[in-house]
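The values are calculated or read from the model by the stated rules, or taken from the named source; none is laboratory data. As the structure is a prediction and not an experimental result, all values here were calculated from the model. Backbone-built Cβ (ideal geometry, glycine too); neighbour counts: all protein chains shown. These accessible areas exclude ligands, DNA and RNA; they are computed on the full protein's heavy atoms, side chains included. Shrake-Rupley method; radii C 1.70, N 1.55, O 1.52, S 1.80 Å.
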Amino acid sequence: MFPIPSRNQRGLSLVELMVAMALSSFLILGVTQIYLDNKRNYLYQQGQGENVENGRFALMLISERLAKAGYRRNPALTMDIAFPAQSVDGCAFKEGQAVIRVDDATLCLRYQPRDENETNCLGNTFPGSSDLSKPYDSDTTQAHFNTSEIMVEKIFLDGGALKCKVPDQTAQELVSNIAGLYFDYGVNSDLYTLKVNSYTTTPGPGDIIRALRYSTLLVASTNNLTQGVESKICSNPNNDDEIGDWEKLTGQTLTCESGKLYQMVSSSSTLRNLMP
Amino acid sequence: MTVFPRHRQHGAVLVIALVMLLIVTLLGVGSMREVALESRITGNLIEQKKLRNAAESAQREAERRIAGAESIEDCSMVSDIPCYHGKADTYDYDFSDKENYSGLDGLTTLERDARWYIRFIGGPYNAGGGGTNDAGNAGGALAGIETAESGSSFFYEVNAQAYKDGDEDDTCAPATLCLTSTTLLIKK
């Protein structure tokens, strides 16, 4: 007579075990896939967020700097008197010019300080010794602002970062992860006509810059985010017909590193001190 | 034969459940704090935008009023709008004598309150907008617009402040937003 198996001791049969393993391996495969997708999506969103944030910050910084350009302490002075010719840090300003282009990704601007707390792009206050105790320099009874103490800033792209340089100081990085910078200048040539005649990327030496359009190209710091899908911004180095959006806008060739996430942002400002 | 003390195991369920509940609660509270912080940041940005828009509206109103005026006198002598409150010789704001924003049509209202006042910078400067550093005419300028020759320019400072009702202050308090600009009137 066979022993009656006790209910409490019954083991797992082989069939049961294999069914369970088959089911659970499917389950684990699915869960792993979901996990990987989520992780990829998360990293992509992180990269996108990084680009958006850097882009906003870069545009805000540039427009804040440009808002200062051409400020003169005596509003009655004409630009050529308030801003005499000056050459510093590779920025050669002609008289009356407050913003100049140096090369594709370099811009110089200058302004007179409004008060003692005027800060330049590095956060330093006005270093000169002119008397800034009164807000305007229109009074004949006080010493006039010394035009050799005009504040000059150079904004440029170097080593994938937007940097700013002021005279006698080392350049500092303002925004990182920037692959390209592009300026388009609204100019006219008459100092007294407050109007933009045309937009050009290479203003001549006599042109007065009165408005700017600018674009920055951002690249996320993490690799392998695009999963083989290349952005529309990039040009294809193997096919001259496939021109990316960045090249269409700026004329600068852009060969993207594969797997890097790119984004371009643009904005424009009118230089309020140089326009009505 | 030993008797297995089954009753000693019963409390574990409660303890483990409580621990789990604690963890879940902590996670929940954490994410709620994060959401609250994010909403505060966003709210701050929105408030800044509203204030900036209101202040700019007030500033543009004052600038347009100056541009459209025949002449501008000191407010102590006339009651016309626009008029100016003394000479702009300090950096401090003083909104005690101000015009409330009404828009050029007198009917416009804003989401935040705004107000403005004007100060005199200098003038008259001859046509072409001065030219030398000594073009200033500090003494006689304050009462000169009626007698100045046509085409000469007068410069004014426009101060605008936007604030949420109750936060206003005669100076530029932290919860408000102040803007300053310079504009000119050319004598017709």
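All but one of (1) under 29 Å from B:Phe154 (Cβ atoms); (2) among the hydroxyl-bearing types (Ser, Thr, Tyr); (3) within 29 Å of the chain's Cα centre (by Cα); (4) more than 10 Å from every other protein chain (Cβ to nearest Cβ) hold for A:Ser130; which doesn't?
Among (1) under 29 Å from B:Phe154 (Cβ atoms); (2) among the hydroxyl-bearing types (Ser, Thr, Tyr); (3) within 29 Å of the chain's Cα centre (by Cα); (4) more than 10 Å from every other protein chain (Cβ to nearest Cβ), the lone unmet condition for A:Ser130 is (3).
May I ask you to list the residues in the range B:170-188 that are small (Gly, Ala, Ser) and open to solvent by less than 30 Å² (accessible area, probe 1.4 Å)?
Just the residues of the range B:170-188 that are small (Gly, Ala, Ser), to begin with: B:173, B:175, B:181.
Once the filter is applied, which keeps residues that are small (Gly, Ala, Ser) and open to solvent by less than 30 Å² (accessible area, probe 1.4 Å), the range B:170-188 yields B:Ala173, B:Ser181.
Can you pull out the residues in the range B:79-96 that are surrounded by fewer than 12 Cβ atoms within 10 Å (Cβ to Cβ) and without any contact (Cβ under 8 Å) to a residue 40 or more places away in the chain? First the steps, then the outcome.
Residues of the range B:79-96 surrounded by fewer than 12 Cβ atoms within 10 Å (Cβ to Cβ): B:79, B:92, B:96.
Matches in the range B:79-96: B:Ser79 only.
For A:Glu64, which of the numbered conditions (1) open to solvent by 50 Å² or more (accessible area, probe 1.4 Å); (2) in contact with a strand residue (DSSP E or B) (Cβ under 7 Å, 6 or more places away or on another chain); (3) more than 10 Å from chain B (Cβ to nearest Cβ) fails to hold?
For A:Glu64, the failing item is (2).
Name, by its number, the condition in (1) over 15 Å from A:Lys165 (Cα atoms); (2) β-branched (Val, Ile, Thr); (3) at pLDDT 90 or above that does not hold for A:Ile62.
It is condition (1) that A:Ile62 fails.
Looking for whichever is assigned to a loop (DSSP other than H, G, I, E, B), within 28 Å of the chain's Cα centre (by Cα) and either at pLDDT 80 or above or within 9 Å of chain A (Cβ to nearest Cβ) (or both) here; the options are B:Asp134, B:Asp165. Which one fits?
Result of the check over B:Asp134, B:Asp165: B:Asp165.
Looking only at the range A:132-160, count every residue that is of a type outside the set (Gly, Ala, Ser) and either open to solvent by 30 Å² or more (accessible area, probe 1.4 Å) or not in a loop (DSSP other than H, G, I, E, B) (or both) and tell me the total. Explain how you work it out, then say what you get.
Within the range A:132-160, the first condition is being of a type outside the set (Gly, Ala, Ser), and the residues that meet it are A:132, A:134-137, A:139-142, A:144-147, A:149-158.
In the following step, the residues that additionally are either open to solvent by 30 Å² or more (accessible area, probe 1.4 Å) or not in a loop (DSSP other than H, G, I, E, B) (or both) were identified as A:134, A:140-141, A:144, A:146-147, A:149, A:151-158.
Counting residues in the range A:132-160 that are of a type outside the set (Gly, Ala, Ser) and either open to solvent by 30 Å² or more (accessible area, probe 1.4 Å) or not in a loop (DSSP other than H, G, I, E, B) (or both) gives 15.
What tally of residues in the range A:222-267 results from selecting those that are closer than 28 Å to A:Thr200 by Cα, hydroxyl-bearing (Ser, Thr, Tyr), assigned to a loop (DSSP other than H, G, I, E, B) and open to solvent by 50 Å² or more (accessible area, probe 1.4 Å)?
Final tally of qualifying residues: 2.
Can you report the number of residues in the range B:54-93 which are farther than 24 Å from B:Pro174 by Cβ and assigned to a loop (DSSP other than H, G, I, E, B)?
Number of matching residues: 15.
Okay, residues lined up against (1) at pLDDT below 90; (2) more than 22 Å from A:Val265 (Cβ to Cβ); (3) buried (at least 20 other Cβ atoms within 10 Å of the Cβ):
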{"residue": "A:Thr106", "(1), (2), (3)": "no, no, no"}
{"residue": "A:Leu162", "(1), (2), (3)": "no, no, yes"}
{"residue": "A:Glu173", "(1), (2), (3)": "no, no, no"}
{"residue": "A:Thr193", "(1), (2), (3)": "yes, yes, no"}
{"residue": "A:Gly204", "(1), (2), (3)": "yes, yes, no"}
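Output the qualifying pairs, or none if there are none: Cβ atoms under 6 angstrom, residues six or more apart or on different chains, first residue in the range A:225-248 and under 11 Å from A:Met264 (Cβ atoms), second residue among the hydrophobic types (A, V, I, L, M, F, W, C) and surrounded by fewer than 16 Cβ atoms within 10 Å (Cβ to Cβ).
Going by the 6 Å Cβ cut-off, there are no qualifying pairs.
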